[in-house]
Amino acid sequence: MKKDNRWRFFVLMFGLGLLGMISTTSYGEREAVTIVDYDIQLDSIRSGFDKVTCWVHPRAGTIPGEPPTVVMTMQKLLLSGSDVFYALNEMRSDDLGRTWTGPVEHESLGRTQEADTVAVVCDFTPKWHAASAKLLGTGHVARYKNDRLAGDYPRQTAYSWYDPEARTWAPWRTVDMPADPKFHSSGAGSTQRVDLPNGDILLPFYFKAKGEKTASSSVMRCRFDGETLHYLQHGDEMTVDEPRGLGEPSLVDFKGMYYLTLRNDVKGYVTRGADGLHFEPVRPWTFDDGAELGSYNTQQHWVSHKDALFLVYTRRDPKYDHVFRHRAPLRIAQVDPDRLCVLRATERILVPERGARLGNFAVTRVNDQETWVTVAEWMQPVGCERYGSDNAVYAARIIWRDQDRTDSGTSLF
C-alpha cells in the first residue's frame, strides 16, 4: 500500500471508530435480537349474526390460579349506527378455554340515563391488579341521544372491578381529572396499561378540549385502593399534525424500558421512555427494512414475552382491499426494541380475514405458557358477511415454545 493511501486508510478507520464510540455513547450497546418461537391455536368461542347488532370488543382479563380464570367482557353494537354500544356482558372460562359460560349481561355495566343523554361504558379492558387482588377494568364513557353519538359530549375514563365468587361487576365509576378544559373529552378506551410493583398504575389515555379536532395522548399515573381509581399525575402530552392526532395508546414494559404504540388516521406511531411517563419524540412504525408498516386508523397492542416483544396489528395490503380500512387479517410480528421497528420476516397471521374487520382487540397473559388475543368479527359495513364472516368471537392462543427458542445472532448494526 502506498504511503498516501495508507494514511487515508488510517484516517478512515479512526473516523469510523470515533463514529462507533459516539453511537455507543448516545444509544448504548445494542444486542442481537432473540427470535422467540410459538404456536397459534385459534379458538372460536361463539358465532352467529342477526344483522341488527353484533358483538364487539371481546377483551379478557386473567385471575391467577390453578387453573387461572379468564373473564372476558364484550358488548353489542347497533349496526345501523356508528359506535352505538349497549351494556357490557361477561363470558368466563375456568378450564383454560375448553368451555365458556355466558354471555351474561351486567346491569352494573349497562346504560345510564342522564339529564338529556344516555351514558354507557365502552372500549373496556379488564386486567388483574395484583396489589388489590382484583380484576380491574378500564375504558371510557360514550353518550347518546336517540341512539346517536351526542355531538361534542364530555368523556371520562370509566372503571369497574369484578367479584369472582359472586360473578358480579361493581357499578362503573369515572376517574376525577384535574379541572382543566383540555380534559373535556378524556378517556382510556381500548388502551393497554402497566401495573407497577408498588401497585400504582400507568394508564395510557387520550384527550382533547371542547371543539378541538385533534387529540393528544399521555400516560396517567393512578392509584387504586380497591374501590376508587385516583389520578396522581400524567406525563408527556403527545400529538401529531395529522387527522385526529394520536389516540388509543397502549403501554408495555420490557427489559427496563416502557414502549408506547399510538393510533393515528394516517399511520401508527411508536415511542419509548425510561419511566413510563416521559418519552422520546414519536415516530411512525416501520419494518426493519425501512418501509412503512402500513397500520392506520385502528389499534395496535403489545404482546410481551420474557425474551421478546411483539406487536399485534393490521396493515395495508392490496390482497385485502375488500376489508374496511384493511382491518383484517390480524397480524403479529416481533419488534426490535432498540430500532423500534417490526421484523418483517417474523410476521404471521394471527386471525384470518373473512370480510369483517378485526381492528378492535385485546391481549391477556394467561400463564407462563400462553398469551391470548381476543377479537370479534365486527359486522360493518353491510355486506361484509358475503366473505364468510358471522360475528365469530375468537381467542387466538399464543403458545410459547421456549424449549425451541433460538438466538438469531443478527446484529442490530
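Each reported figure results from applying straightforward, stated rules to the coordinates on display, with no laboratory input. Keep in mind that what you see is a predicted model, and the values were worked out from it rather than measured. Cβ coordinates were reconstructed from backbone atoms using ideal geometry, including for glycine residues, and neighbour counts include every protein chain displayed.
Could you please state, rounded to a whole Å, how far the C-alpha centre of segment 262-322 is from the C-alpha centre of segment 69-141? Rounded to whole Å, the Cα centres lie 26 Å apart. In straight-distance terms, cross-link reach from Lys319 covers every one of the aspartates and glutamates whose alpha-carbon lies under 19 Å from its own, apart from those fewer than eight places away in the same chain; here that gives Glu292, Glu347, Glu353, Glu377, Glu385. The peptide list 286-296, 34-44, put in order of mean Cβ contacts within 10 Å with the highest first, becomes 286-296, 34-44. I'd like the distance separating the alpha-carbon centroids of segment 202-233 and segment 362-391, in whole Å. Rounded to whole Å, the Cα centres lie 27 Å apart. For the peptides 77-87, 308-318, the ranking by packing is 308-318, 77-87, with the highest mean count of neighbouring Cβ atoms within 10 Å listed first. Only lysines eight or more places from Lys208 in sequence, or on another chain, were considered; those with a Cα closer than 17 Å are Lys182. The share of alpha-carbon pairs in segment 285-388 lying farther apart than 15 Å comes to 62%.
Extending 7 Å from the Cα toward the beta-carbon at both Arg348 and Leu277 defines two label points whose distance is 3.9 nm. Partners of Lys213 within straight-line reach, counting aspartates and glutamates whose Cα lies under 14 Å from its Cα and excluding those fewer than 8 residues away in the same chain: Asp152, Asp241, Glu242, Asp265.
Shape analysis of the chain yields a ratio of the Cα radius of gyration to the Kirkwood radius, Rg/Rh, of 1.01.
Note on Asp50 and Asp147: the model spin-label points, each 7 Å out from Cα along the C-beta direction, lie 1.1 nm apart.
For Cα pairs less than 8 Å apart in space and 6+ apart in sequence, what is the mean separation divided by the residue count of the chain, i.e. the relative contact order in percent? Contact order relative to length: 16 percent. As I understand it, the value is the acute angle between the Cα axis of helix 3-27 and the longest principal axis of the Cα atoms of the chain; what does it come to in degrees, rounded to 10? Approximately 20 degrees, to the nearest ten.
Expected output is a single nm value to one decimal: the length gained when fully extending between Asp225 and Asp163, i.e. 0.36 nm times separation in residues minus the C-alpha distance. What is it?
Values: separation 62, 0.36 × 62 = 22.32 nm, distance 1.52 nm.
Stretched fully, the Asp225-Asp163 segment lengthens by 20.8 nm.
Using a simple spin-label model with pseudo-atoms 7 Å out from Cα toward Cβ, Asp43 and Thr101 lie 1.6 nm apart.
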